[in-house]
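As C-alpha cells, the structure follows; a few thoughts come after it.
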Amino acid sequence: MQARKLEIACPVCGSSEVVYTCTPDCCFNHVCNQCGSTFEPATTATGRTAAAITLPETPPDPSDPTVACAKCYATAVYLTEGQDLVCAQCRSLLALAFTEVARNN
C-alpha cells in the first residue's frame, strides 16, 4: 500500500491550507490559513490493518498536519491512495475525527 503525507481539510471551511501549530507532547492544535479556525484532529481504529506500507521518500515537515494513532499513539500517520489513514508504526487503518473546533468569527 502506497502512502503519502497526511492532508487534513478544515472542518469549518474545507480548505486544505491547514498547518500544525504545536508539538505532539502538548496537543494537536491545527489552524486553517483560509478561515482562521482552530481544531484538533483525532483518530479511531477501524479494526483493519494494512499488510504492507510504502512510505514517501521525503518525511513530513513539522508544520504539516499530524495526528496520533488511536491504537499505538505514534504520530507516523499517513494517507493511503484510497484516502484512508494508516499508521506506519502498527499498520492500523484509522478514521479521522475532529475535536476542539473553534470558528474564527
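Rule-based calculations on the coordinates, nothing more; no lab input. Predicted model, so just to flag it, every value in this text is computed and none were measured. As a convention, Cβ positions derive from the backbone with ideal geometry for all residues, glycine included, and neighbour counts pool all protein chains shown.
Restricting to the stretch 4-56, count the residues that are in a loop (DSSP other than H, G, I, E, B), acidic (Asp, Glu) and touching a residue at least 12 places away in the same chain (Cβ under 8 Å).
2
Condition first: of a type in the set (S, T, N, Q) and exposed (fewer than 15 other Cβ atoms within 10 Å of the Cβ). Can you find one or more residues in the stretch 71-82 that meet it? Please lay out each step first, then the result.
Step one: filter the stretch 71-82 for residues of a type in the set (S, T, N, Q), giving 75, 80.
Then drop every residue that is not exposed (fewer than 15 other Cβ atoms within 10 Å of the Cβ), which leaves none.
Within the stretch 71-82, not a single residue is of a type in the set (S, T, N, Q) and exposed (fewer than 15 other Cβ atoms within 10 Å of the Cβ).
Which ones in the stretch 30-46 are surrounded by fewer than 16 Cβ atoms within 10 Å (Cβ to Cβ) and under 13 Å from the mean Cα position of the chain (by Cα)?
The one that is surrounded by fewer than 16 Cβ atoms within 10 Å (Cβ to Cβ) and under 13 Å from the mean Cα position of the chain (by Cα): Thr44.
Need the failing condition index for Thr66 against (1) of a type in the set (S, T, N, Q); (2) within 19 Å of Arg103 (Cβ to Cβ); (3) in contact with a Leu (Cβ under 9 Å, 6 or more places away or on another chain), just the number.
(2)
Search the stretch 78-89 for residues that are more than 14 Å from Thr46 (Cα to Cα) and in contact (Cβ under 8 Å) with a residue 24 or more places away in the chain and pair each with any residue that is among the basic types (Lys, Arg) and part of a loop (DSSP other than H, G, I, E, B) when their beta-carbon atoms are under 9 Å apart and the residues are at least 6 apart or on different chains.
Tyr78/Lys5; Leu79/Lys5
If you check Ala74 against the conditions, is it over 15 Å from Thr21 (Cα atoms), in contact (Cβ under 8 Å) with a residue 12 or more places away in the chain and touching a Phe, Trp or Tyr at 6+ places or on another chain (Cβ under 7 Å)? Walk me through how you get there before you give the answer.
On the way: over 15 Å from Thr21 (Cα atoms): yes; in contact (Cβ under 8 Å) with a residue 12 or more places away in the chain: yes; touching a Phe, Trp or Tyr at 6+ places or on another chain (Cβ under 7 Å): no.
Here the answer is no, as Ala74 does not meet what is asked.
Scan the stretch 47-54 and give yes if some residue there is under 13 Å from the mean Cα position of the chain (by Cα), of a type outside the set (A, V, I, L, M) and at negative phi, otherwise no.
First, the residues of the stretch 47-54 that are under 13 Å from the mean Cα position of the chain (by Cα): none.
No, because not a single residue in the stretch 47-54 is under 13 Å from the mean Cα position of the chain (by Cα), of a type outside the set (A, V, I, L, M) and at negative phi.
Does Ala95 fit the bill of being surrounded by fewer than 16 Cβ atoms within 10 Å (Cβ to Cβ), in contact (Cβ under 8 Å) with a residue 24 or more places away in the chain and in a strand (DSSP E or B)? Explain how you work it out, then say what you get.
Working: surrounded by fewer than 16 Cβ atoms within 10 Å (Cβ to Cβ): yes; in contact (Cβ under 8 Å) with a residue 24 or more places away in the chain: yes; in a strand (DSSP E or B): yes.
It is true that Ala95 is surrounded by fewer than 16 Cβ atoms within 10 Å (Cβ to Cβ), in contact (Cβ under 8 Å) with a residue 24 or more places away in the chain and in a strand (DSSP E or B).
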